[in-house]
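A short write-up of the structure that comes next.
The values are calculated or read from the model by the stated rules, or taken from the named source; none is laboratory data. Computed from a prediction, not measured in an experiment: that's the story for all the values here. Cβ atoms come from the backbone with ideal geometry, glycine included; neighbour counts cover every protein chain shown. SASA here: full protein model, heavy atoms, side chains in, ligands and nucleic acids out. Shrake-Rupley method; radii C 1.70, N 1.55, O 1.52, S 1.80 Å.
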Amino acid sequence: QVQLVESGGGLVQPGGSLRLSCAASGSISPYVMAWFRQVPGKQRELVASISSTGTTNYADSVKGRFIISRDNAKNTVYLQMNSLKPEDTAVYYCYNPHQSLWGQGTQVAISS
């Protein structure tokens, strides 16, 4: 069973940066990969996605601040988050839509 394991979450001050990682136990190279986030009481929302060829898409709320990337040799997807805002506080999930596979999530909290 392929698994996705996120890491890199934590507590940072507004304006700070974090880099999330999503390590897959199998190959990700053929797949679109994505990051979602969820706040309690709200629907999970798409943050960013990256195609197998590296084409990226971002939610309007994170454009210009977040960067999604992938390292197929390491079966890992990254989310570099810069200029963080309190409204970025959420649990962040990695997702493989082809396999309908979610990671367990990593908590990101932005607070002074």
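The table that follows gives values for the structure above.
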quantity	calculated
Per-residue HN-Hα couplings for region 33-50 [Karplus 6.51, -1.76, 1.60; θ = phi - 60°; Hz; x = Gly/Pro]	10, 9, 10, 10, 9, 9, 9, x, x, 10, 6, 5, 10, 6, 9, 7, 9, 9
For region 58-109, diffusion coefficient by Stokes-Einstein and Kirkwood Rh (Cα), 4 °C, 1.567 mPa s, µm²/s	104
Region 35-112 - accessible surface per residue (Å², probe 1.4 Å)	52
Those trypsin sites (Lys or Arg not before Pro) in region 51-112 that DSSP places in a loop and that have at most 14 other beta carbons within 10 Å	63
Carbon + sulfur, % of accessible area of the chain - ligands and nucleic acids excluded, 1.4 Å	48
Tensor-based shape of region 27-68 (alpha-carbon gyration tensor, a/c under 1.5 rounded, otherwise prolate or oblate)	oblate
Dipole moment magnitude, nearest 20 debye, region 13-112 about Cα centre, only Lys, Arg, Asp, Glu C-beta charged	60
Among 56, 41, 22 the positive-end extreme of the charge dipole of region 14-66 (Cβ point charges)	41
Using θ = phi - 60° and Karplus 6.51 cos²θ - 1.76 cosθ + 1.60, couplings along region 104-112 (whole Hz; Gly, Pro as x)	7, x, 9, 7, 10, 10, 10, 7, 8
Using distinct alpha-carbon pairs, which all enter the 1/r mean, Kirkwood radius of the chain in Å	13.8
Residue-count net charge about residue 42 - beta-carbon cut-off 15 Å; Lys, Arg +1, Asp, Glu -1	-1
Residues of region 55-80 with amide N under 13 Å of the 7 Å Cα→Cβ point at residue 99	75-77
